[in-house]
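Data block below; observations after.
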Amino acid sequence: MSWLVRHPQVALHWQNRCYGVSDMGLSREGARLAKQLVSDLVGLSPDVIVHSDMRRTRHIAEQVASSLSIKTSADSRWRERDFGSWEGRSWDAIYRETGNAMDGMLDNPGEFRPGGGETTTELVARVLCAWRDLPTEKTVAVITHGGPIAAILANQDNAPLQSLPDYIPALNSVSMV
């Protein structure tokens, strides 16, 4: 059994911005919610904890691991999508500059590179590879991001890439797989 865990809300400065591989911390509210999330995860008692190696996931993973006296491992394949030059920019500014070009992430998942970053197909392939490498004989908690979780959940349903947004879980959520 595995749990896919999405981090709580990020620092206020980053909200409403594109922040795939940008490495920021949590907001005050996010840090407060993370405490409950850590408690919930400790209650699930996973055998293995993996995180994306980003601050917004690492802190949670390390606290859970410490409480359970187990090790955590970082795996960059669980990072959010690389949005290239869009990173750190507001979604409104990106839209004003590019119009509906961002629709290419779903309309052309194999070729469209948002901001020159990672295609949807590349994101999904990277995450599915990380998923296949998880131990199957142990319970695993993966502390990660919305895009990677959506990739796994959609794949589990054999859903088309265009439906990925429908599978993005809420911030601070745990999805059992």
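The values are calculated or read from the model by the stated rules, or taken from the named source; none is laboratory data. Bear in mind that the values here come from a model prediction, so they are computed numbers and not experimental data. A quick note on method: Cβ atoms are made from the backbone with ideal geometry, for glycine too, and the neighbour counts reach across all protein chains shown. To get the accessible areas, we keep the full protein, side chains included, count just its heavy atoms, and leave off ligands, DNA and RNA. Shrake-Rupley method; radii C 1.70, N 1.55, O 1.52, S 1.80 Å.
Brief remarks on what is shown
- Amide hydrogen neighbours beyond the local backbone of Leu26, cut-off 5 Å, H modeled: Ala11
- When the chain is treated as a GNM with alpha-carbon contacts under 10 Å, the residue of Asn100, Asn16, Asn108 showing the greatest mean-square fluctuation is Asn100.
- In sequence order, calculated HN-Hα J values of the range 160-166 (Karplus, 6.51, -1.76, 1.60; Hz; x Gly/Pro): x, 4, 5, 8, 3, x, 5
- Ordered from highest to lowest accessible area with the whole protein assembly present and a 1.4 Å probe, Cys129, Cys18 read as Cys129, Cys18.
- The residues Thr98, Thr119, sorted by heavy-atom accessible surface at 1.4 Å with ligands and nucleic acids left out, run Thr98, Thr119 from largest to smallest.
- Checking (1) 34, 19, 16; (2) 24, 21, 14; (3) 27, 19, 12 against the coordinates, the calculated semi-axes √(5λ) of the Cα gyration tensor in Å falls under label (3).
- Positive-end ranking of Thr57, Leu128, Leu68 along the dipole of the range 1-130, with charges on Cβ about the Cα centre, is headed by Leu68.
- Think of it as helices only: each DSSP H run of n ≥ 4 in the chain is worth -39500 (n - 2.57), and spread over all residues that comes to -11500 deg cm²/dmol at 222 nm.
- Sorting Met102, Met1, Met54 by solvent-accessible area of protein heavy atoms yields Met1, Met102, Met54, largest first, with a 1.4 Å probe.
- Per residue, the average separation of C-alpha pairs within less than 8 Å and at least 6 apart gives the chain a relative contact order of 34 percent.
- Annotation: amide H of Ser173 within the under-5 Å range of Arg6, sequence separation 5 or more or interchain, hydrogens built in the peptide plane.
- Net charge contributed by nearby residues that have their C-beta within less than 9 Å of Pro114 (K/R +1, D/E -1): 0
- Span from the the range 106-177 Cα centroid across to the the range 72-93 one, whole angstrom: 13
- Summed side-chain charge close to Arg89 - residues other than Arg89 whose Cβ falls under 13 Å, Lys, Arg +1, Asp, Glu -1: -1
- Long-range HN-HN contacts of Gly20 with modeled amide H, under 5 Å: Phe83, Gly88
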